[in-house]
Each structure stands twice: as C-alpha cells, then as structure tokens.
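A short write-up of the structure that comes next.
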Amino acid sequence: MIFLLFLCTMNISVVIITKDEGHIIANTLQSLQSVTNDIIIVDSGSIDDTIAICKKHNALVFETAWAGYGINKNKGIELAKHDWILSLDADEAIDKELQQSLLQLSLTNEEEVFDICFKNFFCNKWIRFGEWGFDTHIRLFNRKKVQWNNVAVHENLVFSANVVITKLKGNILHYTVHNQQEHTAKTDYYARMSAKKYAEAGKRTNIFKQFFSALFTFTQHYFFRLGFLDGKEGFIIAKATARYTFLKYKYMRVK
C-alpha cells in the first residue's frame with residue numbers, strides 16, 4: 001500500500017525560488033522527500049550554501065537572473081517533469097497531515113486546484129490570529145490550466161474559467177521571519193515594490209489615504225481580527241502591516 005501511495009506522488013513536481021536561503025531550505029526540502037521525486041529550485045544569485053544544500057537533497061537547481069516572483073516561478077514550472085505543480089517558498093515546509101493528503105490524491109481533473117491552510121510563524125511562534133492567522137492559498141495546480149502572472153511582487157495565479165477549488169487537509173508551515181529586524185526590512189522592501197507596481201498601473205494616492213489606510217489596517221488586524229490574542233507578537237505584526245500600508249502610499253506619492 002505504501003509503495004502504491006508513493007507512486008501516486010510521482011506526478012507532482014515542487015517548484016521553489018531561492019536566494020540565500022541556506023538557513024532554512026534544508027527544513028523545506030526534508031519535508032518534501034516523501035511526496036515527490038522532482039524538486040525544481042530556481043535560484044537567482046545565492047552566495048551562501050543554498051545551492052549545495054539543494055543538490056544534496058537531490059533537487060534540480062536552475063540558476064538565473066532575478067526577473068520577478070511570477071516570472072521566476074514560471075521558469076521553474078517549465079522545467080518540471082510533471083504537470084501537477086506544488087509551488088512553495090523557500091521558508092515553507094509541509095506538515096505530516098499535508099504529506100498524507102498529497103499521497104492520497106488521484107489528480108485526475110486538470111481543472112482542479114487545491115487550497116491549503118498556512119501556519120505562519122514569527123520567530124518560531126505560531127501566529128493564530130490577526131492578518132497571519134487565517135491564511136490559505138492555492139498552491140497545487142496543473143500547469144496546463146494555471147500559471148503565475150508576471151508581476152514583480154504579490155504575484156497571483158491565473159485560472160481557467162472552469163476551475164474547481166478543493167481544500168486539502170494539513171498545513172504549509174511558513175517560517176516567515178526570524179527576528180524583528182528581518183521583519184522590518186521585509187516590510188520596507190515589499191512596500192517599495194508594491195508602490196512601484198501600483199504606480200506603473202496608473203494608481204494614485206494622497207496624504208489622507210496614506211494615514212487613514214494605515215490606521216484602518218492596524219485596527220482591522222489587531223482588534224477586529226483578534227491580533228491582540230497573539231500577545232506582543234500580534235502587536236508587532238499589526239504595527240508592521242500598518243507601517244507597510246503607510247510606506248506603500250508614501251512611496252507612491254514621491255514617484
């Protein structure tokens with residue numbers, strides 16, 4: 001029975017984009033060993049031991065320039081052996097329940113995509129509420145019917161009109177940040193990238209929206225979505241999300 005279940009996973013490829021992920025990538029790859037025989041790494045200039053670790057775990061490493069999240073993910077999809085793609089980030093592992101769910105899939109309907117719950121961690125603490133506490137994303141799909149769009153940041157999957165969404169049991173474990181300094185740096189980076197994206201799309205803002213949206217964002221995630229129940233981490237995350245919103249509109253105004 002175990003052998004037959006493993007054979008079912010031979011039609012799933014995993015695609016991960018990386019850059020200097022040597023501190024976390026081994027954890028991700030180890031969680032995938034029982035569910036696939038095809039892991040594609042799209043690396044954009046790592047100078048640490050990321051590539052060596054990936055090769056040690058029998059992943060195929062494709063080195064390329066950074067062209068944006070969606071574009072680089074699609075490059076990996078093109079290199080995959082199989083049409084069914086599990087798309088992960090380098091700091092995301094899968095838990096045992098999700099492993100079992102993947103092992104039991106028949107994957108016969110190309111129009112079907114699979115929505116997966118996330119457990120997001122802040123400095124190794126599982127965040128249960130607020131912006132991070134109710135997170136799900138579609139991460140398993142057939143490349144004949146689904147691709148990532150080519151935006152530089154906050155990329156989205158493009159579906160066919162007949163898509164069928166199925167919820168999988170289990171979780172993706174997202175070890176998103178390891179300290180507050182890293183969180184602050186990521187917030188600033190994504191704010192700049194988002195501002196550029198929206199400005200290029202012709203969107204405009206003003207100083208009222210810059211301040212009001214940040215205040216509303218904090219109130220929504222810290223109070224209405226119960227972020228305060230996560231203690232000081234909940235406050236830090238809600239404040240950082242509000243800061244991201246403030247900076248995004250600020251950078252849009254100065255472009």
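Observations, loosely collected:
- Residue in the range 90-104 that is assigned to a loop (DSSP other than H, G, I, E, B), buried (at least 20 other Cβ atoms within 10 Å of the Cβ) and assigned by TED's automatic domain parsing to the domain that holds residue 31 present: yes
- Residue match in the range 21-31 (condition: out of contact with any strand residue (DSSP E or B) (no Cβ under 7 Å at 6 or more places or on another chain), modelled with pLDDT of 95 or more and not in a loop (DSSP other than H, G, I, E, B)): yes
- Condition met for residue 198 (among the hydroxyl-bearing types (Ser, Thr, Tyr) and either under 18 Å from the mean Cα position of the chain (by Cα) or within 30 Å of residue 31 (Cβ to Cβ) (or both)): no
- Among the residues of the range 35-52, the ones that are of a type in the set (A, V, I, L, M), assigned to a loop (DSSP other than H, G, I, E, B) and within 12 Å of residue 86 (Cα to Cα) come to 1 in all.
- Counting only residues that are surrounded by 22 or more Cβ atoms within 10 Å (Cβ to Cβ), over 13 Å from residue 173 (Cβ atoms) and of a type outside the set (A, V, I, L, M), the range 17-35 holds 2 of them.
- Residues that are part of a loop (DSSP other than H, G, I, E, B) and among the small types (Gly, Ala, Ser) within the range 77-89 comprise just one, 80.
- Only one of 187, 219, 241 that is touching a Leu at 6+ places or on another chain (Cβ under 9 Å), polar (S, T, N, Q) and modelled with pLDDT of 90 or more: 187
- Of all residues in the range 137-149, those that are in contact (Cβ under 8 Å) with a residue 24 or more places away in the chain have Cβ atoms under 8 Å from Cβ atoms of residues that are crowded, with 19+ Cβ neighbours inside 10 Å and among the basic types (Lys, Arg), 6 or more apart or on another chain, in 148/73.
- Against the criterion of being touching a residue at least 24 places away in the same chain (Cβ under 8 Å), in a strand (DSSP E or B) and over 13 Å from the mean Cα position of the chain (by Cα), residue 107 does not qualify.
- Candidates 202, 231 - the one that is out of contact with any helix residue (DSSP H, G or I) (no Cβ under 7 Å at 6 or more places or on another chain), more than 30 Å from residue 110 (Cβ to Cβ), outside the structural domain of residue 69 (by TED's automatic domain parsing) and modelled with pLDDT of 95 or more: 231
The values are calculated or read from the model by the stated rules, or taken from the named source; none is laboratory data. This is a predicted model, so every value here is computed, not measured. Here Cβ is always computed from backbone atoms with ideal geometry, including for glycine, and neighbour counts include all displayed protein chains.
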